[in-house]
1. Being on the phi > 0 side of the Ramachandran plot and under 20 Å from the mean Cα position of the chain (by Cα) is the filter here, so list the residues in the stretch 183-226 that pass it.
2. Has the stretch 213-228 got any residue that is assigned to a helix (DSSP H, G or I) and of a type in the set (S, T, N, Q)?
3. Hey, could you check the stretch 225-256 for residues that are closer than 20 Å to A161 by Cβ and charged (D, E, K, R) and say which is least open to solvent (accessible area, probe 1.4 Å)?
4. Looking at (1) surrounded by 19 or more Cβ atoms within 10 Å (Cβ to Cβ); (2) more than 17 Å from Y72 (Cα to Cα), which one does L188 not meet, given that it meets all the others?
5. Residues that are hydrophobic (A, V, I, L, M, F, W, C) and without any contact (Cβ under 8 Å) to a residue 24 or more places away in the chain, at least 2 per element: which helices (runs of 4 or more DSSP H) completely within the stretch 99-181 meet that?
6. Residue pairs, Cβ under 7 Å, 6 or more apart or interchain, first in the stretch 26-47 and surrounded by fewer than 14 Cβ atoms within 10 Å (Cβ to Cβ), second not hydroxyl-bearing (S, T, Y). List them.
Amino acid sequence: MTPAQAIVAKELRSAYTSPIMYVVCAVFLVIFGVLSYIAVVNAGTQAIRLMQIQGLSAKINLNDLVFRPTFYSTAIILLLVLPILTMRSFAEERKLKTFELLMTSPIGINHIVAGKFVAVFLIYLGMLALTGVVPVVLAMFNSFDWAPVFTGYLGLLLMGALFLAVGLLASAVTENQIIAAFLSFGILLSVWLMGAMGSILGDTPVGNTISYLSFIEHYDRLVRGLVDTKDLVYYASGILFMLFLTHRVVESQRWK
């Protein structure tokens, strides 16, 4: 077992013995289920209206009426939920007085950061996998285009990974878990609002640059079924940059 794998195993064992993970997962899945149910009910209402106008030939687009609104709403839920999932990553180490032990171990900081990130990412991946029940069930009753659903989940996967990387950085700079959660939320919300600022500035060099820096613009294209290399590069580089900053913060604290 490599050092990174040892950290992943340790973090997963710790997570499964903590009620925080179960509460976060339960809240996320319940809200996702409620959002999906509301979207399905709305789609049913739209279908009845179309049948009254167009007759039996009326068709509804589940991608536009169910999946797209659900994906957009889920992004807001992740903004609130994922900082809670990552707040304990480094802050709890200090609380339990194990941070110094971890820093003096022969395990490299890059393995520590990578292991903690992979652990929370695997938990998040499990949460996303459970939401896959919704499209599978809907596919039994109506046909729809799976491509935007897959790209929407790809968007949730990438955006969630970026949120986790930011949360990991926030947890590394403070020993208080609550502060770490709020700091992560504040950073993510600020970057989200940059998209609105870019829209206000319009099609100008400054406006385009600010819009590109906001993750919501890239997520929107994936939800609409558009996979662009620049969106994938944005998320990959953002995740790596956040992990690099986390590495630097932890390394700076190693010698204190």
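1. Residues of the stretch 183-226 on the phi > 0 side of the Ramachandran plot: 202, 225.
Correct list: G225 only.
2. Going through the stretch 213-228, the residues assigned to a helix (DSSP H, G or I) turn out to be 213, 215-223.
If we keep only those that are of a type in the set (S, T, N, Q) as well, we get none.
Checking the stretch 213-228: not a single residue is assigned to a helix (DSSP H, G or I) and of a type in the set (S, T, N, Q).
3. Result: D231.
4. With (1) surrounded by 19 or more Cβ atoms within 10 Å (Cβ to Cβ); (2) more than 17 Å from Y72 (Cα to Cα) applied to L188, the lone miss is (2).
5. Working: elements: 99-103, 109-131, 133-139, 146-172.
Ranges flagged: 99-103, 133-139, 146-172.
6. What qualifies is N42/L65.
The values are calculated or read from the model by the stated rules, or taken from the named source; none is laboratory data. Because the structure is a prediction, the values reported are computed rather than measured. Backbone-built Cβ (ideal geometry, glycine too); neighbour counts: all protein chains shown. Accessible surface is based on the protein model in full, side chains and every heavy atom, while ligands, DNA and RNA are left aside. Shrake-Rupley method; radii C 1.70, N 1.55, O 1.52, S 1.80 Å.
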